[in-house]
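The values are calculated or read from the model by the stated rules, or taken from the named source; none is laboratory data. This one's a predicted model, so the numbers in the text were calculated from it and none came from an experiment. Using ideal geometry, Cβ is built from the backbone for each residue, glycine included, and neighbour counts are taken over all protein chains shown. What goes into the accessible areas is simple: the full protein's heavy atoms, side chains included, and nothing from ligands, DNA or RNA. Shrake-Rupley method; radii C 1.70, N 1.55, O 1.52, S 1.80 Å.
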Amino acid sequence: SDYVVGCDGASSPVRRAIGIPAEGPVLQHMIGIYFSADLTRFVDHRKSILYWLFNPDAFGVLIAHWLPDEWVLCVPYFPPQQSPDDFSESRCRALVEAAIGTAEVDVDIRLVRPWALSAKLASRYRHGHVFLAGDAAHSFSPTGGLGLNTGVQDAHNLAWKLVAVLKGMASPALLASYEQERRPVARTNLEHSVRNLENMNDLSRVAGLD
């Protein structure tokens with residue numbers, strides 16, 4: 001290949017292989033609990049994608065992957081006092097029951113995974129003929145939905161430039177504009193997503209859930 005584009009996620013093996021660091025903090029450690037349960041009676045009258053939970057027993061967000069029975073519950077955990085190993089299937093089931101408010105629902109826990117809510121930006125977007133795009137280049141807090149939007153814009157910006165260069169319609173020098181145009185946008189969107197998270201944390205504190 002003449003060029004490679006690493007679009008392989010926030011833990012990008014491509015980014016690590018070409019020695020580009022991702023700079024920025026981890027904002028919160030999270031556990032994602034993927035489960036199936038028919039929650040029709042709870043959500044049919046208020047269908048949504050995200051249900052925010054201000055519940056001391058299951059504080060986080062319930063994500064509807066496919067209404068009414070395919071869900072992910074995301075809750076924070078706090079190292080070093082807690083670790084992913086603490087989240088057994090029975091504990092995750094208890095968290096799901098607390099989130100929906102009853103144990104009288106048939107819940108199938110399918111997968112439990114830790115993940116990090118972070119605000120990271122690759123120090124550069126290119127090494128030779130290798131480019132980074134999407135979460136490989138920037139990892140945002142999901143507050144605001146800016147990660148996907150920014151990633152799609154990366155791909156659009158880079159794709160037409162690569163086509164123009166490969167077809168001989170433009171000089172390879174055009175490719176330098178990819179990082180010049182996209183990295184500042186990613187930094188702006190990253191900062192905005194962090195502000196969104198801080199505002200949500202303010203609301204949590206008002207609710208007595210710091």
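Observations
- Once the range 113-152 is narrowed to residues that are assigned to a helix (DSSP H, G or I) and touching a helix residue (DSSP H, G or I) at 6+ places or on another chain (Cβ under 7 Å), the residue that is most open to solvent (accessible area, probe 1.4 Å) is Asp135.
- Residue check, Ser48 under 15 Å from the mean Cα position of the chain (by Cα), of a type outside the set (A, V, I, L, M) and within 26 Å of Leu197 (Cα to Cα): no
- Residues of the range 5-34 satisfying the condition of being within 14 Å of Ala137 (Cα to Cα), in contact (Cβ under 8 Å) with a residue 60 or more places away in the chain and not in a loop (DSSP other than H, G, I, E, B): Val5, Gly6, Val14, Arg15, Ala22, Glu23
- Among the criteria (1) modelled with pLDDT of 95 or more; (2) open to solvent by 50 Å² or more (accessible area, probe 1.4 Å), the one Ala64 does not fulfil is (2).
- Here the range 67-112 is the region considered, the condition is being hydroxyl-bearing (Ser, Thr, Tyr) and surrounded by 12 or more Cβ atoms within 10 Å (Cβ to Cβ), and the residue that is farthest from the chain's Cα centre (by Cα) is Ser83.
- Index of the failed condition, Glu104 passing every other in (1) in a loop (DSSP other than H, G, I, E, B); (2) acidic (Asp, Glu); (3) modelled with pLDDT of 95 or more: (3)
- In the range 176-210, the residues that are under 17 Å from the mean Cα position of the chain (by Cα) and either part of a loop (DSSP other than H, G, I, E, B) or small (Gly, Ala, Ser) (or both): Ala186, Ser193
- Some residue of the range 48-58 being of a type in the set (A, V, I, L, M, F, W, C) and open to solvent by less than 30 Å² (accessible area, probe 1.4 Å): yes
Conditions (1) open to solvent by 70 Å² or more (accessible area, probe 1.4 Å); (2) not charged (D, E, K, R), marked per residue:
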| position | (1), (2) |
| --- | --- |
| Leu175 | no, yes |
| Tyr178 | no, yes |
| Glu181 | yes, no |
| Ser193 | no, yes |
| Asn199 | yes, yes |
| Ser204 | no, yes |
| Gly208 | no, yes |
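- Asp202 under 22 Å from Asn55 (Cα atoms), of a type in the set (D, E, K, R) and in contact with an Asp or Glu (Cβ under 8 Å, 6 or more places away or on another chain): no
- Filtered by the rule that a residue be loosely packed, with under 12 Cβ neighbours inside 10 Å, polar (S, T, N, Q) and in contact with a helix residue (DSSP H, G or I) (Cβ under 9 Å, 6 or more places away or on another chain), the range 1-46 gives no residues.
- Candidates in the range 153-170 are the residues that are small (Gly, Ala, Ser) and either open to solvent by 20 Å² or more (accessible area, probe 1.4 Å) or in contact (Cβ under 8 Å) with a residue 60 or more places away in the chain (or both); of these, the one that is farthest from Ala136 (Cα to Cα) is Gly168.
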